[in-house]
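Structure record follows, encoded as C-alpha cells.
The values are calculated or read from the model by the stated rules, or taken from the named source; none is laboratory data. Note that the structure is a prediction, hence the values are computed from the model and not measured. No Cβ is skipped: glycine too gets one built from the backbone with ideal geometry, and neighbour counts run over all protein chains shown. Just so you know, the surface numbers come from the protein's heavy atoms only, side chains and all, with ligands and any DNA or RNA stripped out. Shrake-Rupley method; radii C 1.70, N 1.55, O 1.52, S 1.80 Å.
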Amino acid sequence: MLSTDHKANILHKAGYAVPARPGSADSIYQTAQCWEKAIDTLYVSYSASRAAKSLRDAEEARMLALLQLRSTKAYA
C-alpha cells in the first residue's frame, strides 16, 4: 500500500493541485488526518480517471481492429 506522502508525490507529478501539509504556512488543514483524507480522496479520483481512460483506449483499439477486419473482408 502506498504511503500518503507517496500518493501526494504521484498526484503532484500528474499535475494535480496537492494541498499543503498541515503546519505549513499555506495549509488549510489543521490535522494530519484531514490532510491524509484529502490526499486519499484525490488519489482515488486520479486512479479512477486513469482506469476509465485505459478502458476507453482498449475499447477504441477493439473497435478499430473490428473495422479493419470488416474492411478487409469487404474488399476480399
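One line per residue, one yes/no per condition, for (1) outside any loop (DSSP other than H, G, I, E, B); (2) hydrophobic (A, V, I, L, M, F, W, C); (3) in contact with a Leu (Cβ under 9 Å, 6 or more places away or on another chain); (4) open to solvent by 80 Å² or more (accessible area, probe 1.4 Å):
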position: 7; (1), (2), (3), (4): yes, no, yes, no
position: 18; (1), (2), (3), (4): no, yes, yes, no
position: 38; (1), (2), (3), (4): yes, yes, no, no
position: 45; (1), (2), (3), (4): yes, no, no, no
position: 49; (1), (2), (3), (4): yes, no, no, no
position: 54; (1), (2), (3), (4): yes, no, no, no
position: 59; (1), (2), (3), (4): yes, no, no, yes
position: 68; (1), (2), (3), (4): yes, no, no, yes
position: 72; (1), (2), (3), (4): yes, no, no, yes
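Figure legend. Inter-residue proximity from segment 13-35: first residues touching a residue at least 40 places away in the same chain (Cβ under 8 Å), second residues open to solvent by less than 60 Å² (accessible area, probe 1.4 Å), beta-carbon distance below 7 Å, spacing 6+ or different chains. No pairs are indicated.
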